[in-house]
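Peer 1: A single structure is presented below for examination.
Nothing in this text is a laboratory measurement; each read-out follows from the coordinates by a stated rule. As the structure is a prediction and not an experimental result, all values here were calculated from the model. Cβ: placed from backbone, ideal geometry, glycine included. Neighbour counts: every protein chain shown.
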Amino acid sequence: MERFLIESPHAVEACEQVIRDIHAAGYLHHFEWGCKDNDHTGWAIVEAETHEDARQIVPWYLRDKARIVRLVKFRSAKEDTHHRSG
């Protein structure tokens with residue numbers, strides 16, 4: 001399993017619905033929200049097999065605006081930290 005950061009913005013009018021839908025999907029405890037600071041975005045770190053699997057956590061009506069980033073930890077400065085994908 002890989003770890004992914006999910007960043008999912010939403011409209012102010014959608015706050016309650018988004019939180020209900022994330023809760024119904026069983027992922028509410030993964031998310032933190034900026035809504036109370038007028039940044040209508042949810043962030044979560046989740047484990048998933050692929051980017052697309054992580055994207056499926058986001059309600060269907062927000063997926064096209066969600067940003068999914070695979071997270072990697074480096075254990076030392078000697079590890080290859082160049083900006084390469086893979």
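Peer 1: With +1 on each Lys and Arg Cβ and -1 on each Asp and Glu Cβ, how big is the dipole of the chain about its Cα centre, in debye rounded to the nearest 20? It would help to have the intermediate numbers written out before the result.
Peer 2: Values: 12 positive and 15 negative charges, 67 e Å.
With only Lys, Arg, Asp and Glu charged at Cβ, the dipole is about 320 debye.
Peer 1: Now, a different point. R0 = 25 Å: FRET efficiency of Glu32 with Ala77, Cβ-based, nearest 0.05?
Peer 2: On the way: r = 30 Å, r/R0 = 1.18.
So the FRET efficiency works out to roughly 0.25.
Peer 1: Taking the simple approach of a point 7 Å from Cα along Cα-to-Cβ for both Arg67 and His23, what is their distance in nm?
Peer 2: Going by the 7 Å Cα→Cβ label model, 2.8 nm.
Peer 1: Additional query: Suppose only helical runs count, i.e. DSSP H with n ≥ 4. What mean residue ellipticity at 222 nm does that imply for the chain under -39500 (n - 2.57) per run, divided by all residues and rounded to the nearest 500 deg cm²/dmol? Numbers along the way, then the final one.
Peer 2: Numbers: 2 runs with 15 residues, N = 86.
Dividing the helical sum by the residues of the chain leaves -4500 deg cm²/dmol.
Peer 1: Sticking to Cα atoms, compute the Rg of region 2-71 to one decimal and its Dmax as the biggest Cα-Cα distance, whole number, in Å.
Peer 2: Radius of gyration, then largest Cα-Cα span, for region 2-71: 11.1, 33 Å.
Peer 1: Among Val58, His10, Trp43, whose Cα projects farthest towards the positive end of the dipole of the chain, with charges put on the beta-carbon of Lys, Arg (+1) and Asp, Glu (-1)?
Peer 2: Looking along the dipole axis, the top candidate is Trp43.
Peer 1: Let me ask something additional. Using DSSP to define loop residues, name the trypsin sites (Lys or Arg not before Pro) in region 5-74 whose beta-carbon has at most 14 other beta-carbon atoms within 10 Å.
Peer 2: Values: sites: Arg20, Lys36, Arg55, Arg63, Lys65, Arg67, Arg70, Lys73; in loops: Lys73.
Sparse-neighbourhood loop trypsin sites (Lys or Arg not before Pro): Lys73.
Peer 1: Further, regarding this structure: Where in the chain lies the longest segment free of GluC sites (Glu not before Pro) that are both loop residues by DSSP (not H, G, I, E, B) and have at most 13 other Cβ atoms within 10 Å? Present the calculation step by step, with values, prior to reporting the outcome.
Peer 2: Numbers: sites that count: Glu49, Glu79.
Free of exposed loop sites, the longest segment is 1-48.
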